[in-house]
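Right, one structure below, let's go through it.
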Amino acid sequence: MITRVTPVTMTPPSPEMCSPSMPSSTFTLQKYKAADYGIHPNDVSEAALATIHELTKAGFQAYVVGGGVRDLLLGLHPKDFDIATDATPDQIKRVFGRGCQIIGRRFQLAHVYHNRQMLEVATFRAPHEEHTAHSQTSAHGMIVRDNIWGSIDQDALRRDFTINAMYYQPETGQILDFANGMKDIKSKTLRMIGDPATRYREDPVRMLRVARFAAKLQFCLDDATEAPIKKLAYLLKAISHHRLYDESHKMFACGHLQALLQHLGEMDLFSALFPQVKENVFHSPLVKLAAKNTDDRIQQGKSVNPAFFYAVVLWEWQQRLTKLELDRGEDIFPAYQSAGIKVLTLQSQQTAIPRFVAQTIRDIWDLQPRLEKPRSRVVPKLIIQPKFRAGFDFLLLRELSGDNRTHGMGTWWEHYQAVNTDEQEVLLRLLDKPKAKPKSNKPKKPKAPAKPKEDPAAV
């Protein structure tokens, strides 16, 4: 059930905390004992430990890398651990046999399976070369193929942020820091490795990652990291629609959606994901309330459905198109259905919404007029529909956000589900009771004076 909440705004760290920009040429390798920072092998998943052990036993280097190391240093509890190694994908395949699957063309990876858990194992990358058999860039500088193997220090400087360029070897208990990541963690600074504009052109999705990590970690942005984003936001149009959907899914489920929406708006990235949606939509009470509820669910360990937040973000657009259909004389239910199809068709040209997600969004929308003005005989049928719960939550969320188009029915449905059968029967009878017409405030026209009756005697 929707929680009655008031949206809050997260405050980022003050700019004074952030360390100044530092060129990558000044980076020197720093080595730390993981135990000195409270990190021990049992903090890493069994699957990751087993994968690292098998690779090192076969004579290869292998480390936990990136977000797993960063989150452990921040005192968080990462669920996923990525592995980096000097073994090539083919060599990884030979180590793990049928327990390994090679995926990807642009960026070849190995998926290693251990007790039904999948780990992503990447080979160390070398500096990118523009046009070879294993590497290729687009006219805008975006990397479209990147399979040049290298050393661990080369791999570190190919990573996106300094805080993600740290490698933890649980068997030796050592953390390798190639880009002053430890310093930036202490100062709560999010800093791109290398020239940010170049790195964004290589992979425009990095701009979305900047916004997501800034929100998730509550880090401030290095000036050089933030400066090019608005100017280069258009490059996201070149990213595949499927990848952008995956990124939007990650953002909706990051647990810090309220802060993320603010970052997306400030960086002009929101319109790159939702070009047909008015840019101020993330300031609307409905979107803010939905973001707060989404964050709360994740903090409570509950699942979230990306379809629900998509339905929220696209709602006002759907309503505008519905009104156009109604103005043309279309009935309410076909108008909702037609508008929903148009909205999702156009949005899928930017973020490729899977069919089952799109259907859930449409079901949520199509239920709204039915839930707003139900008849008693259809209430039992509506409440057993598979998508009723999502539709009801959406209706209640609209009502809590101040949408008077719900006619107070969000509260009615909430009450109906909370009472016993006898009380439900009373509510249903009252539902069908004709409502008194509101008294008009228009002043009554004065009655015309009555004509005097003729005296029969005068005839």
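Here are the numbers for the structure shown:
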{"item": "Failed item, numbered, when residue 190 is tested on (1) touching a residue at least 40 places away in the same chain (Cβ under 8 Å); (2) crowded, with 18+ Cβ neighbours inside 10 Å", "result": "(1)"}
{"item": "Any hit, region 131-153, residues being among the hydrophobic types (A, V, I, L, M, F, W, C), part of a helix (DSSP H, G or I) and modelled with pLDDT of 95 or more", "result": "yes"}
{"item": "Residue selected from region 98-128 under the condition of a type in the set (S, T, N, Q) and in a loop (DSSP other than H, G, I, E, B), by the criterion surrounded by the most Cβ atoms within 10 Å (Cβ to Cβ)", "result": "108"}
{"item": "Residues (aliphatic (A, V, I, L, M) and either in contact with a Lys or Arg (Cβ under 6 Å, 6 or more places away or on another chain) or not in a helix (DSSP H, G or I) (or both)) located in region 287-311", "result": "304"}
{"item": "Sole residue being under 25 Å from residue 245 (Cβ atoms), touching a residue at least 12 places away in the same chain (Cβ under 8 Å) and assigned to a helix (DSSP H, G or I), chosen from 360, 411", "result": "360"}
{"item": "Residue under evaluation residue 117, criteria (1) closer than 23 Å to residue 253 by Cβ; (2) in contact (Cβ under 8 Å) with a residue 40 or more places away in the chain; (3) touching a strand residue (DSSP E or B) at 6+ places or on another chain (Cβ under 7 Å); (4) not charged (D, E, K, R), criterion not met", "result": "(3)"}
{"item": "Hey, residue 421 within 21 Å of residue 361 (Cα to Cα) and either modelled with pLDDT of 75 or more or of a type in the set (S, T, N, Q) (or both) or not", "result": "no"}
{"item": "Hits in region 74-106 - residues which are under 24 Å from the mean Cα position of the chain (by Cα) and within 25 Å of residue 175 (Cβ to Cβ)", "result": "74, 75, 76, 77, 78, 79, 80, 81, 82"}
{"item": "Subset of region 284-341 that is hydroxyl-bearing (Ser, Thr, Tyr) and crowded, with 16+ Cβ neighbours inside 10 Å - its residue that is nearest to residue 262 (Cα to Cα)", "result": "284"}
{"item": "Residue count, region 76-87 (criterion: modelled with pLDDT under 95 and buried (at least 17 other Cβ atoms within 10 Å of the Cβ))", "result": "1"}
{"item": "Residue that is surrounded by the most Cβ atoms within 10 Å (Cβ to Cβ) [pool: residues in region 56-72 that are under 34 Å from the mean Cα position of the chain (by Cα) and part of a helix (DSSP H, G or I)]", "result": "69"}
{"item": "Flag if residue 215 is in a helix (DSSP H, G or I), among the small types (Gly, Ala, Ser) and in contact with a helix residue (DSSP H, G or I) (Cβ under 6 Å, 6 or more places away or on another chain)", "result": "yes"}
{"item": "Selection count where residues are without any contact (Cβ under 8 Å) to a residue 24 or more places away in the chain and either basic (Lys, Arg) or under 19 Å from residue 307 (Cα atoms) (or both), scope region 371-391", "result": "6"}
{"item": "Residues (basic (Lys, Arg) and closer than 14 Å to residue 120 by Cβ) located in region 60-92", "result": "79"}
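Listed here are the residues, each with its yes/no results for (1) more than 30 Å from residue 37 (Cβ to Cβ); (2) among the polar types (S, T, N, Q); (3) modelled with pLDDT of 95 or more; (4) in a helix (DSSP H, G or I).
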site: 176; (1), (2), (3), (4): no, no, yes, no
site: 182; (1), (2), (3), (4): no, no, yes, yes
site: 197; (1), (2), (3), (4): yes, no, yes, yes
site: 206; (1), (2), (3), (4): no, no, yes, yes
site: 211; (1), (2), (3), (4): no, no, yes, yes
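The values are calculated or read from the model by the stated rules, or taken from the named source; none is laboratory data. This one's a predicted model, so the numbers in the text were calculated from it and none came from an experiment. Positions of Cβ are generated from backbone atoms using ideal geometry, with glycine treated the same way; all protein chains shown enter the neighbour counts.
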